[in-house]
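Student: My questions all concern the structure below.
Laboratory data are not the source of any read-out in this text; all were calculated from the coordinates shown. Please read all numbers here as calculations on a predicted model, not as lab measurements. A quick note on method: Cβ atoms are made from the backbone with ideal geometry, for glycine too, and the neighbour counts reach across all protein chains shown.
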């Protein structure tokens, strides 16, 4: 594996910063009245949704099982619950246009949920992962997460359990399912 491969924590923190950047843009567009600004707000909301779903599903399939196994089952379960709440909010938000009366409230709810989740992960879970999982394993997991995100769903599916197997199975046709399952287990990889 290439030495420059980011470890899983670096990959996930990079995702967090990208989402925060998008949140900042959305906040700057709040109350926008021009059609161009409203259109941009919807565009950025869609981008946030895509990134959050890809990130969340990758964590649920690849990262949280490792956290459960090596760090803390309670931390993994807490993170899954936070994902489930955010996914419900994403689903409600997906049905709204920026002109709808509930859009700003749902967006504010989502930002609050995600910011809280990021704080939990970065202040607790990631530190615990660094303490108990060796660097090579974190880098291998980082490569798997990056690859997995390329084939992960891009829309919220709150009715699908956020456990690894249902998330993977809901991902698409059998060939896609097989590739993701192989990726999640490391089957067929060089490691």
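Student: Highest first, please rank the peptides 32-43, 99-110 by the mean number of other Cβ atoms sitting within 10 Å of their residues.
Tutor: Values: 32-43: 13.0, 99-110: 15.2.
Descending packing order for the listed peptides: 99-110, 32-43.
Student: Given N residues in the stretch 25-159, what is its alpha carbon radius of gyration divided by 2.2 N^0.38 Å? Kindly include the intermediate steps, with their values, before the conclusion.
Tutor: Values: Rg = 16.5 Å, N = 135, 2.2 N^0.38 = 14.2 Å.
Its radius of gyration relative to the 2.2 N^0.38 Å reference: 1.16.
Student: Between residue 18 and residue 101, what is the label-to-label distance in nm when each label sits 7 Å out along the Cα-to-Cβ direction?
Tutor: 3.6
Student: How long is the gain from residue 94 to residue 137 if the chain were fully straight, where each residue apart is worth 0.36 nm and the alpha carbon distance is subtracted?
Tutor: Numbers: separation 43, 0.36 × 43 = 15.48 nm, distance 3.60 nm.
Between residue 94 and residue 137, full extension yields 11.9 nm more.
Student: Starting from 0.36 nm per residue, how many nanometres of slack lie between residue 150 and residue 10 once their C-alpha separation is accounted for?
Tutor: Additional length available on full extension: 48.7 nm.
Student: Roughly what would the spin-label model give for residue 124 and residue 72, points 7 Å off Cα along C-beta, in nm?
Tutor: In this crude label model, residue 124 to residue 72 measures out at 0.5 nm.
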